[in-house]
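J.: Quick one: the structure is below, and I'll ask about it shortly.
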Amino acid sequence: MSALFNPETTESPADNPAARMRTAVERALSDSERTKQISSQREIIKSVVSSIKRPQRKLKSGYVKTGIVGLDELLVDGIPKGASVLVAGNAGAGKTILALQLAYESARAGEKVLYLTFEESEQKLIRQMNTFGWQTDDLIDNGFLQIKRVLPADVKRSVDAIAAKSRGELLIDVPPLFLPANFNADKLIVDSLTAIASTFVDTEEVFKTYIEQLFMFLERLPSTNLLITETAMIPVKAYSPTKTEELLADGIIVLYNMKKGNIRESAIEVLDMHGSEHKKRIVAMKITGHGIDVYPDQEVFWEVN
Amino acid sequence: MVFDVLSIGDVKGDVWQSGGIRQSLMPAELQKNDSKHSKFDSILDSKTTLLLASSENYNKSMADLFRILMRDNNLPGIYVTVSRSCKDVSADISTLGIPSNKLLVMDMISESTGTSTSGNMACTYLHSPQSLTDLSIAITEAVTAMDTTEMFVVIDSLSTLLLYNPPSIVMQFANFITNKMRSWGIKGVLVGLSKEMDEKTTAMLKQFVDNTIIIDE
């Protein structure tokens, strides 16, 4: 809704405070509903994550912003440059939208962003971005944004090579991800680790080896990395397919969908961000027609089950 | 239900929580008719007010509330309705001779009951009486858009919210929103039905606000 005054009168916005308020409210509240429920297990999970001993690795100095208003306030300092951060949440929580929005805002700010998609096609993701009003053509044409589909077969080739090398059958290094040549990304997004895990049927140990290699590979890159991971059904006992990812990641951002009676409400939390000051609370989040809005000062009124 | 435009009703002096000294200095006849209006004056002197009315006095109380806020003091504001549709509220407001362009009605009930939500410029709709987070965001956005302390927010009513939400959540919301109202410097009124709330709930709400008005019979 863009009208600021009653079209049936000649009142100006200054004369119609009700209309002005209504416009602001409608803009804030337009959203799409999603489903799923979480429980108070997050406190247990948080203590587990905090207690996990992480290998202390030296992060590049400085911080980067997401470009998402509200989320950057939550992060306070920002995401440490070069960090690999999990974006976790159950199906429909808004993980891909968040990642696409971060990609768009970062590219618009002049950063080079590489978005690796293991499920959706490039065209579908571009269409999704366009529905939020994020115009991607110029960003892609000018080399600031690249969306690349990675097929399961490509992953399997890397996995087989890593397994062969570990057995001494292969002497060369094969990267866990093949990145486009000559595209030195400032931000790299992997959508998603869950999709990668689904290609490892009955081979969890091999997947764990792959994940360890992947994080070591990402650590050597100059980019700051976001890895999407889908959580299991509530209650959540892990934010990643094998928990290994939580051990190796430098931070975790969690998206929630809370069932409240017969409605759903979204929320977001920076569960952990190694080496960075951040606000430690669950705050309201809305998925609107123009993307994700995070309200860092807005409590969520939920009853913990 | 229609606001009673003419009558201001009777009030027992001993339940009037504020302005008692002033009341005792006035002639008895004027006291009776003026007591309720003076009582509502205290809303203007306070940042946040809890208004508890009996079901018998509810309509009259709401009429007095809108008269003092909008007609007598020309304040714009937000009215959150959990019990009645925006359409009904708008019709009642107009009978008081109050211009509707100074009031934004946040309707928490129409969508969930399937009542028509189209066509009224002064209304905005939330999904359900359980949408307290959305309500809080909506109030924040609207107050921020107004960018003035000369306005009010009325939440009508906490009793109805308690039908749809656990008491602890409603209390959490009440505490949060009254603090927000105070920080914004605006006038905030939380309405409840006096006989529908238990003592514990009432006691807790009283500590969240600066002023309590009880209109009982």
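The values are calculated or read from the model by the stated rules, or taken from the named source; none is laboratory data. In this text, all values refer to a predicted model and were calculated from it rather than measured experimentally. Quick reminder, even Gly has a Cβ in these numbers, built from the backbone with ideal geometry, and neighbours come from all protein chains shown. Keep in mind that these areas ignore ligands, DNA and RNA; they rest on the heavy atoms of the full protein, side chains included. Shrake-Rupley method; radii C 1.70, N 1.55, O 1.52, S 1.80 Å.
J.: Among A:65/A:112; A:65/B:180; A:260/A:280; A:81/A:112, which pairs are too far apart, with a Cα-Cα distance over 20 Å?
T.: A:65/B:180; A:260/A:280
J.: Using the charge dipole of the stretch A:137-292 (Lys, Arg: +1 at Cβ; Asp, Glu: -1 at Cβ; taken about the Cα centre), state which of A:174, A:155, A:261 has its Cα farthest towards the positive end.
T.: Of the listed residues, the answer is A:261.
J.: What FRET efficiency, computed as 1/(1 + (r/R0)^6) with R0 = 45 Å and r the Cβ-Cβ distance, is obtained for residue B:149 and residue A:122, rounded to the nearest 0.05?
T.: 0.35
J.: Determine the order of B:150, A:230 by accessible area, beginning with the largest, at a probe radius of 1.4 Å.
T.: Most to least solvent-accessible, the answer reads B:150, A:230.
J.: In the stretch B:46-141, which GluC sites (Glu not before Pro) fall in coil by DSSP and have 15 or fewer other Cβ atoms within 10 Å?
T.: Sparse-neighbourhood loop GluC sites (Glu not before Pro): B:56.
J.: How far apart, in nanometres, would the label points at residue A:203 and residue B:96 be if each is projected 7 angstrom from Cα along the Cα-to-Cβ direction?
T.: Roughly 7.2 nm, to one decimal.
J.: What does the structure give for A:294-302 when I average, per residue, the other chain Cβ atoms found within 10 Å of the residue Cβ?
T.: 5
J.: Enumerate the aspartates and glutamates that residue B:187 could reach by cross-link, defined here as Cα to Cα under 14 Å, with residues fewer than 8 away along the same chain left out.
T.: B:41, B:45, B:147, B:150, B:210
J.: Could you look at the stretch B:102-162 and say what percent of its accessible area is carbon and sulfur, using a 1.4 Å probe and all protein chains?
T.: Exposed carbon and sulfur together represent 44 percent of the surface.
J.: Then there is this: Provide the solvent-accessible area of residue A:229, counting protein heavy atoms only and rolling a 1.4 Å probe, rounded to the nearest 10 Å².
T.: 0
J.: Here's something else I'd like to know. Sort B:184, A:134 from largest to smallest accessible area, using a 1.4 Å probe on the heavy atoms of the protein chains.
T.: B:184, A:134
J.: So for each of A:263-269, B:210-216, A:106-112 I average, over its residues, the number of other beta carbons within 10 Å; can you give me the resulting order with the highest mean first?
T.: Top of the packing list down: A:263-269, B:210-216, A:106-112.
J.: Give, to the nearest whole percent, the P(r) tail of the stretch B:124-215 beyond 16 angstrom, counting all Cα pairs.
T.: 53
J.: Starting from the alpha-carbon convex hull of the stretch B:47-140, give the projected area averaged over all orientations, in nm².
T.: Averaged projected area of the stretch B:47-140's Cα convex hull equals 6.5 nm².
J.: Any chance you could look up the accessible area of residue A:214 with a 1.4 Å probe, heavy atoms only, rounded to 10 Å²?
T.: 0
J.: To continue, here is another question. Probe radius 1.4 Å, ligands and nucleic acids left out: can you give me the accessible area buried at the A-B interface, summed over both chains, in Å² to the nearest hundred?
T.: By this definition, chains A and B bury close to 3000 Å².
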